[in-house]
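Provided herewith is a single structure, encoded as structure tokens, for subsequent inquiry.
The values are calculated or read from the model by the stated rules, or taken from the named source; none is laboratory data. Not measured: the values here are computed from a predicted model. Here the Cβ positions follow ideal geometry from the backbone for every residue, glycine too, while neighbour counts run over all protein chains shown.
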Amino acid sequence: MGNLLIIILNFLVQVIQVYIFIVLASVIFSWLIAFGVVNQYNPTVRSIYQAINALTEPALRPIRRLLPDLGAVDISPIVLLLVLMYLVIPIITQFLIPQIIGLGI
């Protein structure tokens, strides 16, 4: 049972870390579009941007509703990244590291 818990928690950490990279890609991609580096009318760019937005907007929208309006500055990805890190760090420190040390891996 303990090994199954380690596998599930490890999988959860991996999924959250991939989502962190997707959020970072969303931020960078939005900057590239805002500064005109990437043409948003290109079909390939548009499909990538829509895919990234489809993955990140459901998590960012509630955060944007809670935060005050700061004009052109959107800090909701920073808040989301902090929340995701707040979820990952306790899982790693409380469950995964002691299990790995205890197993002698």
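For (1) without any contact (Cβ under 8 Å) to a residue 24 or more places away in the chain; (2) loosely packed, with under 11 Cβ neighbours inside 10 Å; (3) in contact with a helix residue (DSSP H, G or I) (Cβ under 8 Å, 6 or more places away or on another chain), each residue gets a yes or a no:
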| position | (1), (2), (3) |
| --- | --- |
| 27 | no, no, yes |
| 33 | yes, no, yes |
| 42 | yes, no, no |
| 70 | yes, yes, no |
| 81 | no, no, yes |
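Another question, then. Filter segment 56-68 down to residues that are surrounded by fewer than 10 Cβ atoms within 10 Å (Cβ to Cβ) and farther than 18 Å from residue 29 by Cβ and give me whichever is farthest from the chain's Cα centre (by Cα).
Taking segment 56-68 and keeping what is surrounded by fewer than 10 Cβ atoms within 10 Å (Cβ to Cβ), we get 58, 65-66, 68.
From what's left, farther than 18 Å from residue 29 by Cβ: 65-66, 68.
Values: 65: 18, 66: 18, 68: 21 Å.
My answer is 68.
Before we move on, is residue 74 surrounded by 10 or more Cβ atoms within 10 Å (Cβ to Cβ), acidic (Asp, Glu) and over 29 Å from residue 5 (Cβ atoms)?
yes
Under the condition of being in a helix (DSSP H, G or I) and over 20 Å from the mean Cα position of the chain (by Cα), which residue from segment 18-48 is farthest from residue 85 (Cα to Cα)?
Here the answer is 43.
Determine, yes or no, whether residue 10 is under 21 Å from residue 89 (Cα atoms), free of Cβ contacts under 8 Å to residues at least 12 places away in the same chain, in a helix (DSSP H, G or I) and not aliphatic (A, V, I, L, M).
So residue 10 fails the test.
Considering only segment 83-105, state which residues are loosely packed, with under 10 Cβ neighbours inside 10 Å and modelled with pLDDT of 90 or more.
If the condition is that a residue be loosely packed, with under 10 Cβ neighbours inside 10 Å and modelled with pLDDT of 90 or more, then 86 is the only one that fits.
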